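The values are calculated or read from the model by the stated rules, or taken from the named source; none is laboratory data. Treat the numbers as computed from the prediction; the structure is a model and nothing was measured. Reconstructed Cβ throughout: ideal geometry from the backbone, glycine too, with neighbour counts over all protein chains shown. Surface accessibility is based on the protein's heavy atoms, side chains included, excluding ligands, DNA and RNA. Shrake-Rupley method; radii C 1.70, N 1.55, O 1.52, S 1.80 Å.
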Amino acid sequence: MTLSEFDDCNNYASVRNNASHEYSVRQAFEDGGIKAGAVQAVRLAYGVVSRRKAAEEGVARLARVLSALDLTALGVGSTLGVGVYVLAGDVAKNYAGPAVILSFLLAAVASVFAGLCYAEFGARVPKAGSAYVYSYVCVGEFIAFLIGWNLILEYIIGAASVVKALSEYLDSLLNKAISSQLEAALPLNTPHLARYPDFFAFTVIMAFSVALAFGVKESTKFNNFCTGVNLCVVLFVIISGSFKADTKNWRIPASEVPKSETKDFGSGGFAPYGLAGIIKGAAVCFYGFIGFDCVATAGEEARRPQKTIPFAVVASLLIVFLAYCGVSSVLTLMLPYYMQDEKAPFPFVYDQLGWPWAKYAVSVGAICALCSSLLGAVFPLPRIIYAMASDGLLFKFMGTVSERFQTPLVGTMIAGLFTGTLAMIFELEQLIHMMSIGTLLAYSMVASCVLLLRYERSLSGQRVTEPWNISFRDVVRQLVNADRHPTPTRLSSAVVSVLVALYGVWCFVMMISINQHGDAILAGEGGPIAALAAGALLVLATLYALSRQPVSEKKLAFSVPLVPWLPGISILINVYLMLNLDYMTWVRFAVWIAAGLIIYITYGAWHSSERRKCVEALQLADLHNDSRTELLQHARG
């Protein structure tokens with residue numbers, strides 16, 4: 001047993017010795033009424049959800065062979081895919097027009113902030129892994145489960161959306177041959193589902209899952225080859241498109257914009273859908289930057305991770321943004337935004353320009369990019385499922401490793417079936433929205449965890465027995481740290497926890513008001529402006545109170561700069577982008593979260609490996625105490 005585990009179980013044992021562990025909620029209710037029973041229930045629940053994994057457990061020291069260039073190429077290869085070949089046309093036509101460039105910029109800023117928070121998380125834990133592992137070590141079991149559950153959603157929906165994009169891209173190249181046949185034979189006349197079952201997408205994802213289940217691993221050379229071809233094609237698109245660029249397509253008057261009863265293409269110009277369209281486009285474009293977290297979680301394999309990981313995160317996101325910016329610029333300059341094809345914009349544009357040969361070059365790059373992105377989405381999925389199943393938070397059979405192939409065979413195939421089914425029955429846009437909301441929530445939770453850990457109280461030494469007698473005056477003084485505590489105290493840590501929770505509430509309230517009354521705010525109406533000012537004041541006051549709290553003395557290889565302001569801005573942007581997704585996305589996401597909570601409450605909380613270790617430690621302690629008591633009685637006799 002490690003030192004961290006021993007301390008945790010010692011704390012647990014001390015609680016038990018004080019009779020609070022065996023003191024049930026029913027006994028508390030009978031002795032002290034409803035208040036005492038509720039307090040005891042909260043105390044026991046907090047003890048369960050805050051269990052932490054020891055950082056030293058299972059450490060596998062991997063060779064530090066990845067340079068900053070290797071990490072940057074990994075991030076670009078995992079990220080640069082659907083955003084270039086599908087999203088640019090979709091967002092330009094339906095959300096932002098030529099201002100799709102600004103949508104990509106806003107999504108890139110949100111991604112950089114989240115990437116820096118991931119980098120600090122990685123610096124805190126001396127082992128390779130995902131945000132699930134980091135949060136389990138640093139924050140606690142319940143938050144780790146939520147982040148892990150969202151990561152599963154991210155990888156499943158990521159793989160489903162990429163294979164769906166690949167299917168639609170090939171379908172467009174074949175003049176809708178696949179979709180027309182399937183829609184005629186098997187139409188799905190159901191709201192919120194695809195028009196037909198996409199069996200091609202299901203077959204491709206199952207082929208990848210079978211290959212992965214039987215031990216086939218992604219080749220670094222293959223990934224680098226696909227990334228190289230992808231970047232070459234992006235440069236080809238930008239250079240070739242510049243010869244056919246016409247700035248008039250960014251200055252289309254409103255009178256020339258087509259109107260119909262079913263579709264409104266805005267008012268023309270650079271931003272035909274206004275600021276709201278740019279923001280909604282950013283929420284969709286955010287999907288194009290998902291994938292950089294594979295860089296932030298490669299800390300154990302990186303040379304000088306405190307420098308190479310932040311550099312690679314920012315560099316890969318910068319390269320990807322420049323690619324998106326260049327591609328979307330020439331796309332909207334070559335052809336008016338309302339004429340774009342959402343499924344395969346570049347083959348369509350080159351056909352319109354009389355360059356049919358160019359679409360085949362672009363198609364090669366698109367297929368390479370989508371295959372690379374598909375590999376990047378499929379391969380981490382069994383690792384997350386295996387890690388959570390091994391920790392007892394998911395069903396144990398999902399983490400069963402095949403003795404012959406040394407892979408989590410059952411979990412991989414179940415994930416493949418689920419992923420293929422989603423790709424088969426949902427539209428690409430629905431999948432992208434669902435992935436965006438799960439990833440945005442995971443990023444927000446990571447940023448919140450950075451805030452909590454930066455002001456965390458050390459559990460070493462005499463601080464464990466620090467008294468807990470506080471008054472309202474003490475809380476008010478702690479909000480501005482009037483006593484100038486140099487290191488975190490029990491009260492300051494509790495204040496930070498409450499402030500971070502309140503900050504999330506303020507962000508939602510402020511951004512909901514902006515989302516619902518944006519036009520009124522821009523028009524200068526007093527009520528909406530006053531509500532916005534009040535929300536902004538609460539947000540700023542909360543961040544200021546956080547900045548006054550004493551900072552943890554723990555030294556890190558890399559720390560997020562400008563805490564709490566940078567993580568706070570990251571949370572604010574993520575919340576706003578989440579609120580700009582449609583309500584059906586929230587309904588599907590709520591169903592996913594509800595399913596996860598049911599699994600955790602009914603299975604994970606009771607089968608957690610951390611719970612088992614503490615129970616075993618307490619049984620050993622009881623055995624030791626019983627033996628000692630028996631010896632004392634024998635000596636007295």
* For segment 288-398, list the helices (runs of 4 or more DSSP H) that sit wholly inside it and hold at least 1 residues that are more than 19 Å from the chain's Cα centre (by Cα); which are they? -> 305-334, 345-352, 356-378, 380-390
* Restricting segment 252-263 to residues that are over 37 Å from the mean Cα position of the chain (by Cα) and of a type outside the set (Ser, Thr, Tyr), the residue that is farthest from TYR337 (Cα to Cα) -> GLU261
* To do: Report, by residue number, each residue of segment 348-372 that is of a type in the set (A, V, I, L, M, F, W, C), surrounded by 20 or more Cβ atoms within 10 Å (Cβ to Cβ) and either touching a Gly at 6+ places or on another chain (Cβ under 7 Å) or under 21 Å from SER161 (Cβ atoms) (or both).
  => VAL362, ALA366, CYS368, ALA369, LEU370, CYS371
* Asked: Going through segment 411-460 one residue at a time, which ones are open to solvent by 10 Å² or more (accessible area, probe 1.4 Å) and not in a helix (DSSP H, G or I)?
  -> PHE426, GLU427, GLU456, ARG457, SER458, LEU459, SER460
* Structure fact -> VAL401: passes all of (1) at pLDDT 80 or above; (2) not in a helix (DSSP H, G or I) but (1)
* Asked: Does at least one position in segment 616-635 carry a residue that is open to solvent by 50 Å² or more (accessible area, probe 1.4 Å), at pLDDT below 75 and not in a helix (DSSP H, G or I)?
  -> no
* Among ALA531, ALA536, ALA605, ALA541, which is the only one that is under 23 Å from CYS507 (Cα atoms), of a type outside the set (S, T, N, Q) and crowded, with 17+ Cβ neighbours inside 10 Å? -> ALA531
* Structure fact -> Of the candidates GLY568, GLY535, the one satisfying the condition of being within 24 Å of GLU154 (Cα to Cα) and touching a residue at least 24 places away in the same chain (Cβ under 8 Å) is GLY568
* For segment 254-273, indicate whether the set of residues that are at pLDDT 85 or above and among the β-branched types (Val, Ile, Thr) is non-empty. => yes
* The lone exception for LEU540 - which of (1) touching a residue at least 24 places away in the same chain (Cβ under 8 Å); (2) within 29 Å of GLU120 (Cα to Cα); (3) within 26 Å of the chain's Cα centre (by Cα) it fails -> (1)
* Asked: Taking segment 488-511 as the region of interest, how many residues are open to solvent by 40 Å² or more (accessible area, probe 1.4 Å) and either among the aromatic types (Phe, Trp, Tyr) or within 20 Å of the chain's Cα centre (by Cα) (or both)?
  -> 4
* Name every residue in segment 382-410 that is open to solvent by less than 40 Å² (accessible area, probe 1.4 Å) and more than 18 Å from SER608 (Cβ to Cβ), in order of residue number. => PRO382, SER402, THR407, PRO408
* Asked: Pairs, please: C-beta under 6 Å, at least 6 apart or cross-chain, first residue of a type in the set (Gly, Ala, Ser) and in segment 134-155, second surrounded by fewer than 22 Cβ atoms within 10 Å (Cβ to Cβ) and assigned to a loop (DSSP other than H, G, I, E, B)?
  -> GLY140/SER50; GLY140/ARG52
* **Complete set of residues in segment 400-453 that are of a type outside the set (A, V, I, L, M) and touching a Leu at 6+ places or on another chain (Cβ under 6 Å)** => SER402, THR412, HIS433, GLY438
* Asked: Is it fair to say PRO253 is open to solvent by less than 60 Å² (accessible area, probe 1.4 Å), farther than 26 Å from LEU322 by Cβ and touching a residue at least 40 places away in the same chain (Cβ under 8 Å)?
  -> no
* Asked: For segment 550-565, which residues satisfy the criterion of being in contact (Cβ under 8 Å) with a residue 60 or more places away in the chain and either aliphatic (A, V, I, L, M) or part of a helix (DSSP H, G or I) (or both)?
  -> VAL551, LEU556, ALA557, VAL560, VAL563
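Listed here are the residues, each with its yes/no results for (1) part of a helix (DSSP H, G or I); (2) crowded, with 24+ Cβ neighbours inside 10 Å; (3) at pLDDT 80 or above; (4) not basic (Lys, Arg).
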site: TRP149; (1), (2), (3), (4): yes, yes, yes, yes
site: LEU153; (1), (2), (3), (4): yes, no, yes, yes
site: VAL162; (1), (2), (3), (4): yes, yes, yes, yes
site: SER167; (1), (2), (3), (4): yes, yes, yes, yes
site: LEU170; (1), (2), (3), (4): yes, no, yes, yes
site: ASN175; (1), (2), (3), (4): no, no, no, yes
* Of the residues that make up segment 472-483, is at least one modelled with pLDDT of 85 or more, assigned to a helix (DSSP H, G or I), touching a helix residue (DSSP H, G or I) at 6+ places or on another chain (Cβ under 7 Å) and surrounded by 16 or more Cβ atoms within 10 Å (Cβ to Cβ)? -> yes
* Could you check, for segment 575-593, whether at least one of its residues is surrounded by fewer than 16 Cβ atoms within 10 Å (Cβ to Cβ), small (Gly, Ala, Ser) and part of a helix (DSSP H, G or I)? => yes
* Select from segment 181-208 the residues that are under 23 Å from GLY89 (Cα atoms) and open to solvent by less than 60 Å² (accessible area, probe 1.4 Å) and list them in ascending order. => LEU193, ALA194, TYR196, ASP198, ALA201
* Show the residue pairs that are 6+ apart or on different chains and have beta-carbon atoms under 8 Å apart, the first residue being within segment 333-358 and closer than 22 Å to SER260 by Cα, the second being surrounded by fewer than 19 Cβ atoms within 10 Å (Cβ to Cβ) and aliphatic (A, V, I, L, M). => LEU335/LEU353; TYR338/VAL257
